[in-house]
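The values are calculated or read from the model by the stated rules, or taken from the named source; none is laboratory data. All values reported here derive from a predicted model rather than from experimental measurement. With ideal geometry, Cβ positions are generated from the backbone for all residues, glycine too; neighbour counts draw on all protein chains shown. Remember, those area values only see protein heavy atoms, side chains included, never the ligands or the DNA or RNA. Shrake-Rupley method; radii C 1.70, N 1.55, O 1.52, S 1.80 Å.
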Amino acid sequence: MTMFRRSEAYTTGDAFSSINSGYPDPTRTFTPLSAPLLHSSFIPAPEDESTIRETIKEVHRTLTSVDDEIHRLRSALAGLEEYRSHLHTTLKHRQAVISPIRRLPPEILGEIFLFAAEGCSMIWPRRHFNADDDAMPWLLGKICSYWRTVALSLPKLWSEIHLDLNFSVADRELDDQSEKANAAQEFLQACLLRSGNELLTFTVDAKGLRSVIKPILSSLVTHSDRWKEASLDIDLFSAYHVDLAPAKNKVHNLRKLHIGTSAMEDIPSFTPLDAFEDTPKLREVSITGIVQPFHVLRIPWSQVMHLTSKGSTFREGEFTQIMRHTTNLVSFSTEGERILEVASSQPVLLSHLQKLDVINKGSYISKTFQFLTAPNLQELSIHAITPFVADQTVAMLTRSQCKPTHLTFRSSLDVNALWEENLGIVWMLRELSSVAHLRLTVLRSADNIIPRLVNRHQAAGVPPLLPNLQTFALEDRFCLSAAEVTDALSLRIKGLYTDAGFYGAFTDDQPAGLRSINLQLSRPAAPKFPELDLLKKVAENHGVEITIQLG
């Protein structure tokens with residue numbers, strides 16, 4: 001019995017009414033086979049098989065026609081897309097011709113360039129992965145010849161120069177270093193030429209052969225009358241004193257100076273560097289790794305208002321000698337320096353000092369504060385590398401009668417000394433009632449420090465620490481419980497309390513308690529003893545009750 005009957009449906013929608021009759025009807029369908037006929041056990045009769053084969057041929061013909069129509073439509077779409085791209089390009093070109101930016105005179109365009117390139121500098125070697133990553137001002141020269149001409153006419157765009165002459169292991173050969181140094185020299189000469197008479201800001205970070213670095217310094221010294229800010233980080237810096245000597249009496253515009261050298265240089269230079277002796281505008285000085293800086297550097301110390309010293313080596317009495325000559329200091333930062341002073345040395349009065357940063361071992365922190373008096377100190381930052389001892393710091397604060405508003409303190413984080421350090425911190429905070437902004441990095445602050453913010457565990461009537469505190473940032477790396485922190489800071493948000501009761505609400509002319517709190521609390525990971533698993537297993541097998549607590 002014949003079980004197949006060919007059935008075809010032809011319906012054409014309005015959307016396809018324009019398709020030529022030579023193309024297949026896009027809505028033509030073939031009647032699907034029923035489930036019994038698709039079963040693998042069904043075998044069609046000969047007449048049914050003939051019908052199926054005829055339908056297969058017709059489906060193939062229809063599929064070929066559909067493929068041809070798809071190809072035609074895709075070709076038409078590609079043509080339209082290409083035409084659209086052409087129209088878009090035509091539109092952009094004509095819009096560009098009447099763009100208002102073309103009417104800008106070079107003076108206005110130059111001001112826009114300077115605003116867009118603010119904070120950018122000329123860096124060698126240029127670090128980018130492809131041309132699209134070019135930063136200012138290089139990008140300005142790639143837009144059009146007019147923009148390039150304007151950019152080249154702006155000396156300020158080319159007046160901040162940073163040279164990295166730290167040659168890698170692969171560049172150790174003289175030829176390799178010379179080749180790169182020549183490229184850096186060409187770069188520098190281009191910047192010096194384009195910067196015209198503009199004052200220069202430059203940094204030179206150099207490690208390599210003197211014969212390679214000397215030409216760079218010589219080129220810069222030629223323009224020393226234009227130096228505004230100079231930074232020189234050079235290995236064995238004392239070897240280049242003679243190369244910088246021609247700058248003497250020419251650096252009248254220098255405002256900021258940094259000189260650094262490597263730790264390899266452990267003896268002072270026999271020839272002091274006097275190139276910067278006559279710098280009437282010098283106000284900021286930074287030195288790194290200099291041996292006996294007061295002897296080696298001839299600079300007008302009395303003019304310096306901002307001094308940073310890191311890793312320098314002072315001879316006995318040299319620290320106070322520098323302090324006595326920098327009486328106009330407003331900010332002073334010292335890090336990792338060995339301070340040696342004779343017993344007869346007296347504290348130096350720095351009446352203008354407002355900001356003091358000290359990073360050092362605990363004993364040298366004490367030395368630093370022992371020989372300073374700063375009555376107008378506003379910001380104090382201490383980072384103890386080894387356990388902090390508070391006696392000289394407290395003595396300095398008492399002697400100065402200063403009222404700092406900002407305090408940043410980081411303890412040594414030495415677990416074996418945390419009790420003494422925390423008590424020292426409390427002692428110091430007791431002298432700093434003026435502090436409104438505090439940042440602490442300590443261990444187990446809830447044991448000794450936090451309770452005293454609300455005067456817990458102290459005699460009644462004694463005011464809490466830091467009554468003017470407004471912002472508090474705490475990083476506790478050994479916090480066993482946050483309950484004390486929560487209770488104390490909650491009370492400080494609302495008002496001041498003591499064990500005896502309410503100490504005092506904030507009045508209208510006082511800050512309304514804490515305004516900002518930042519907490520980073522952590523604790524060491526609990527110890528793990530995998531060998532105890534065997535003990536637990538033995539105990540359980542023998543019915544022995546066992547409890548193990550680790551932490």
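Under 9 Å by Cβ, and 6 or more places apart or on different chains, what pairs join a residue from segment 130-148 that is open to solvent by less than 70 Å² (accessible area, probe 1.4 Å) with one that is of a type in the set (D, E) and modelled with pLDDT of 85 or more?
Hits for this filter: M136/E118.
Go through the residues of segment 329-346 one by one and say whether even a single one is crowded, with 16+ Cβ neighbours inside 10 Å, polar (S, T, N, Q), farther than 22 Å from I382 by Cα and at pLDDT below 90.
For segment 329-346, residues crowded, with 16+ Cβ neighbours inside 10 Å, polar (S, T, N, Q), farther than 22 Å from I382 by Cα and at pLDDT below 90: present.
Restricting attention to segment 155-178, report how many residues are of a type in the set (D, E, K, R) and modelled with pLDDT under 80. I'd like the intermediate steps shown before the answer.
From segment 155-178, those of a type in the set (D, E, K, R) are 156, 160, 164, 171-173, 175-176; that's our starting set.
Okay, now just the ones that are also modelled with pLDDT under 80, so 171-173, 175-176.
Residues meeting the conditions: 5.
Test L413 against the criterion of being within 29 Å of the chain's Cα centre (by Cα) and in contact (Cβ under 8 Å) with a residue 60 or more places away in the chain, and give yes or no.
Working: within 29 Å of the chain's Cα centre (by Cα): yes; in contact (Cβ under 8 Å) with a residue 60 or more places away in the chain: yes.
Yes; evaluated as a whole, the condition is true for this residue.
Among the residues of segment 449-482, how many are open to solvent by 10 Å² or more (accessible area, probe 1.4 Å), modelled with pLDDT of 80 or more and more than 34 Å from the chain's Cα centre (by Cα)?
Residues that pass the stated criteria total 1.
Could you grab the pairs with beta carbons closer than 9 Å, sequence gap of 6+ or different chains, first residue in segment 65-85 and within 24 Å of R28 (Cα to Cα), second one of a type outside the set (S, T, Y) and open to solvent by 60 Å² or more (accessible area, probe 1.4 Å)?
S65/G22; V66/P26; E69/P26
Anything in segment 397-448 that is of a type in the set (S, T, Y) and either surrounded by 21 or more Cβ atoms within 10 Å (Cβ to Cβ) or closer than 22 Å to L353 by Cβ (or both)? List them, or say none.
T398, S400, T405, T408, S411, S433, S434, S445
Which residues, taken from segment 362-380, are open to solvent by 10 Å² or more (accessible area, probe 1.4 Å) and within 18 Å of L423 (Cα to Cα)? Don't jump to the end; show me each part of the working.
Keep residues of segment 362-380 that are open to solvent by 10 Å² or more (accessible area, probe 1.4 Å), which gives 363-364, 366-367, 370, 373, 375-376, 378-379.
Scanning segment 362-380 gives S363, S366.
May I ask you to verify whether P100 is modelled with pLDDT under 90, touching a Phe, Trp or Tyr at 6+ places or on another chain (Cβ under 8 Å) and open to solvent by 70 Å² or more (accessible area, probe 1.4 Å)?
Details: modelled with pLDDT under 90: yes; touching a Phe, Trp or Tyr at 6+ places or on another chain (Cβ under 8 Å): no; open to solvent by 70 Å² or more (accessible area, probe 1.4 Å): yes.
No, not satisfied.
Taking the conditions exactly as written (modelled with pLDDT of 85 or more and either out of contact with any Ser or Thr (no Cβ under 6 Å at 6 or more places or on another chain) or not basic (K, R) (or both)), does H39 satisfy them or not?
On the way: modelled with pLDDT of 85 or more: no; either out of contact with any Ser or Thr (no Cβ under 6 Å at 6 or more places or on another chain) or not basic (K, R) (or both): yes.
So H39 does not fit the description; no.
Residue by residue through segment 302-321, note down the ones that are modelled with pLDDT of 95 or more, more than 26 Å from the chain's Cα centre (by Cα) and open to solvent by less than 40 Å² (accessible area, probe 1.4 Å).
Selection gives V304 alone.
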